[in-house]
Each structure stands twice: as structure tokens, then as C-alpha cells.
Amino acid sequence: MKKVLAIAAAAMMFVSAASAQNLGSLLGGLGSALGNGKLGDTVSKVIYGYTGNLNAVDLPGNWTYTGSAVSFGGDNVLSNVAGAAASGTVESKIDSYLQKIGITAGAMQFTFNEDLTFTCTIKGIPVNGTWQTYDDANRIKLQFGKTLKFLNLDGTLTNTGSGCQMLFNGKKFLQFAKAIMNVVAKQSSTASALSSLAGNYNDMQIGVTLKKN
């Protein structure tokens, strides 16, 4: 009996330390071992998001874009109080540029599915891809499909209390914005303005603020 309890305790410790994807694989193997290959698939859908991070974003579901988000890294203006104001100013500028191509609050939606696929709908036009979180759900990777030439975005995921923010490398986000322009509108002047804006700051991250529906 003591041996069984020891094994069970060790297993629980191992599960707690496992990543979501690895845990799903373990459960898949367990299901096969029990003669029920669907067990792992079923349970992994329920606990794939487990990370131990109490502030992790519950991503599956429908989300609506409410505005842009900006952050600076390294030795930059955000190291002081004035930086917060600068961040707000940059967000306002980015919002104004995105509005020119129709990306306004409510005009872009994300649907994240439990099978790790997602749909980004912009002005009624759907763009599909896959998603995954890692590093204790503090980071997210979006892999778009053929429509956006298989563009990928790798950035941070933050719970804001009322929603979440996804922040990406400024240059990569601009690639996303330009690709979206090619899908919903052709506005090279807006793309140039965004590129110029990003070039004025080192280590700038740009992204989106989302609210769950």
C-alpha cells in the first residue's frame, strides 16, 4: 500500500511540473495503455491550458479587438514616469493608422478553439491559423495560414483583468499589419507611417488589446 501511495505521489508531482502539451501526450499514452485511445484527447482538451499560472489567460472562446497595445524593452523611455505617457501617445498613433484600414474597436475578432486553431476576422474577412502558449502561458505563438503567407507572431500574453494583451516584436507586428492591408485594403502610406513610427523606438513591442465576448 505504501508503495502504491509513493508512486501516486510521484506521479502527481510529475504531472504538476509537466507542460500542457507534454501532459496531453502522457495522457494519450495512458489512454492507449488502457485500451481507450480517446482518453488522452478528451482530457488534454480539458487541461491543455494548465500551467500553474494563476494569472493565465483562459484563451479559448471569442475575443474582440478594443485597441492597440505598446511596450518598450531595455533602457528606454518607459524606465520613468514620462515613458507611460509616451506609450499612450504611441498607442494613439498606431490606433489612428490602423483605423485608416478599418481596424477599429470591434472590427477585428479572434476565435480561439480548444483544438489549438484560431480564426481572426477582420472587416468580415476570416484568416485562419494555429496557436499555442508556452513559458507558463506567459508567451503565445500565432501561426497564420496561406492567406497571410504563413506569417508567425511570437510574443507575450498578459491577463489585464478585463481581457488580455498580446504584444509582439514591432517589426513582426508591422508585417502582420501590412499583410492585413493586402487582404482588406491597399494603403502603402499607412504601412510606411507605421514603419517610421516603429523605427523611432528601440525594442518596441506592438500588439493588440482584446476583450472576451
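The values are calculated or read from the model by the stated rules, or taken from the named source; none is laboratory data. Computed from a predicted model, the values in this text were never measured in an experiment. Because the Cβ atoms are built from the backbone with ideal geometry, glycine has one as well, and the counts that use them run over all protein chains shown.
General remarks:
- Among residues of the range 86-128 being at positive phi and among the small types (Gly, Ala, Ser), the one that is modelled with the lowest pLDDT is 102.
- Selected residue (criterion: surrounded by the fewest Cβ atoms within 10 Å (Cβ to Cβ)) from residues of the range 149-171 that are of a type outside the set (A, V, I, L, M, F, W, C) and not in a strand (DSSP E or B): 161
- Residues located in the range 120-141, provided they are touching a Cys at 6+ places or on another chain (Cβ under 8 Å) and within 16 Å of residue 208 (Cβ to Cβ): 127, 129
- In the set (1) touching a helix residue (DSSP H, G or I) at 6+ places or on another chain (Cβ under 8 Å); (2) touching a residue at least 60 places away in the same chain (Cβ under 8 Å), residue 151 fails one condition alone, (2).
- In the range 132-147, the residues that are of a type in the set (Lys, Arg) and surrounded by 19 or more Cβ atoms within 10 Å (Cβ to Cβ): none
- Residue ID - surrounded by the fewest Cβ atoms within 10 Å (Cβ to Cβ), chosen from residues in the range 120-131 that are more than 16 Å from residue 179 (Cβ to Cβ) and of a type outside the set (S, T, N, Q): 124
- A count restricted to the range 135-148 and to residues that are outside any loop (DSSP other than H, G, I, E, B) and either in contact with a strand residue (DSSP E or B) (Cβ under 8 Å, 6 or more places away or on another chain) or in contact (Cβ under 8 Å) with a residue 40 or more places away in the chain (or both) stands at 8.
- Checking residue 65 against (1) out of contact with any helix residue (DSSP H, G or I) (no Cβ under 7 Å at 6 or more places or on another chain); (2) modelled with pLDDT of 70 or more; (3) surrounded by fewer than 17 Cβ atoms within 10 Å (Cβ to Cβ), the condition it does not meet: (3)
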